[in-house]
Each structure stands twice: as structure tokens, then as C-alpha cells.
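The values are calculated or read from the model by the stated rules, or taken from the named source; none is laboratory data. As the structure is a computational prediction, the values presented were derived from the model and not from experiment. Positions of Cβ are backbone-derived with ideal geometry, glycine not excepted, and every protein chain shown enters the neighbour counts.
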């Protein structure tokens with residue numbers, strides 16, 4: 001059997017990809033199919049979430065075992081076959097491609113096809129430009145620029161010309177420096 005899985009992004013209008021993948025493939029294979037379909041490097045701690053019909057997240061399948069909790073079932077992409085969790089057409093998943101900013105693709109199982117493909121997976125439809133895998137540097141620069149503006153505001157407030165400090169208001173008694181002898 002093969003699954004035809006469509007994925008879209010809410011960040012880029014017109015972006016759509018569809019892959020076909022064998023049911024005995026792992027979630028790591030599906031991750032590689034997504035990365036290849038979007039021309040992303042394989043250098044992030046990506047993960048999948050199985051979702052219900054309202055897109056609420058359920059079981060997580062991670063790239064690596066993060067040992068979050070002993071009581072939780074931990075599913076790792078390389079060890080988890082698609083057929084263990086994908087059962088129905090219309091089933092929803094999310095693929096986290098930018099874990100630091102929680103950016104993801106919405107994935108839907110479009111069809112369950114008979115037979116296996118020649119390759120483990122194949123990109124069968126590609127429309128539009130994929131969103132940038134990692135938030136652009138300009139977003140970071142905006143944050144840094146905002147921080148610099150705050151520093152400049154602090155400097156302006158605490159400069160000598162605008163300082164609320166007045167030397168005449170300070171009583172220096174008790175702040176004398178002694179030579180170590182008692183009074």
C-alpha cells in the first residue's frame with residue numbers, strides 16, 4: 001500500500017505539495033520526503049504530531065528520543081512505521097519544520113493506494129514556493145533594532161543633562177572614607 005499525503009502552509013498562499021510513500025516506510029522517510037519536496041536541508045529537530053479532525057495535537061513522533069518523561073510513550077521517526085499510526089483517508093498530521101518558532105505544515109492523507117512504488121517515496125505534486133525553513137534574519141534584526149532603541153531611550157533618560165539626580169539632595173554624612181582609625 002501507499003499513502004498519498006498532501007501538505008500546505010498557512011504562511012504562503014498557493015503552496016502545496018503531495019507525496020506518495022509506502023505504508024511500511026518510517027516517519028523519518030516521510031520527513032525526508034517533505035524536506036526534499038521543499039528543498040530544505042536536513043539539519044533541524046523536526047517532528048510530527050498526529051491530529052484529530054479539529055487539528056488538535058495528539059501523539060508526537062520526534063526526530064530523536066528527547067527523554068522528556070519516563071511515563072510517556074516516546075515514538076522516534078526512525079523506529080516508527082507509517083502503518084502504525086496512519087489508518088484512514090482524511091487523517092490529519094502536522095510536521096514541525098521550524099521547531100524554535102513552532103512553524104509547521106498541515107498534512108492530510110488524501111488517498112490510500114494499492115501496491116508499492118518503485119521508490120520509498122515520490123513527490124507527485126508541487127505548487128508554489130515553500131516558506132523559508134527558518135525565520136529570516138530580518139526578523140532577528142528587527143528584534144535587535146528594537147533592543148537598541150530601548151538602550152538609546154535609557155541613555156537619554158539617564159544622561160547628565162536629563163538626570164533627576166541632584167548632588168545637593170544627597171547627605172554625605174556617614175559616607176566618609178577613613179584611614180582605618182576609629183573616631
(request) Please indicate, with yes or no, whether at least one residue in the stretch 35-50 is part of a strand (DSSP E or B), surrounded by 12 or more Cβ atoms within 10 Å (Cβ to Cβ) and more than 15 Å from the chain's Cα centre (by Cα). (result) yes
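Is there a residue in the stretch 82-91 that is in contact (Cβ under 8 Å) with a residue 12 or more places away in the chain and part of a helix (DSSP H, G or I)?
Yes, some residue in the stretch 82-91 is in contact (Cβ under 8 Å) with a residue 12 or more places away in the chain and part of a helix (DSSP H, G or I).
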(request) Return a yes/no flag: does the stretch 63-73 have any residue that is in contact with a helix residue (DSSP H, G or I) (Cβ under 9 Å, 6 or more places away or on another chain) and either in a strand (DSSP E or B) or at pLDDT 95 or above (or both). (result) no
(message) Every residue in the stretch 4-34 that is within 16 Å of the chain's Cα centre (by Cα), surrounded by 19 or more Cβ atoms within 10 Å (Cβ to Cβ) and part of a loop (DSSP other than H, G, I, E, B), please.
(response) 9
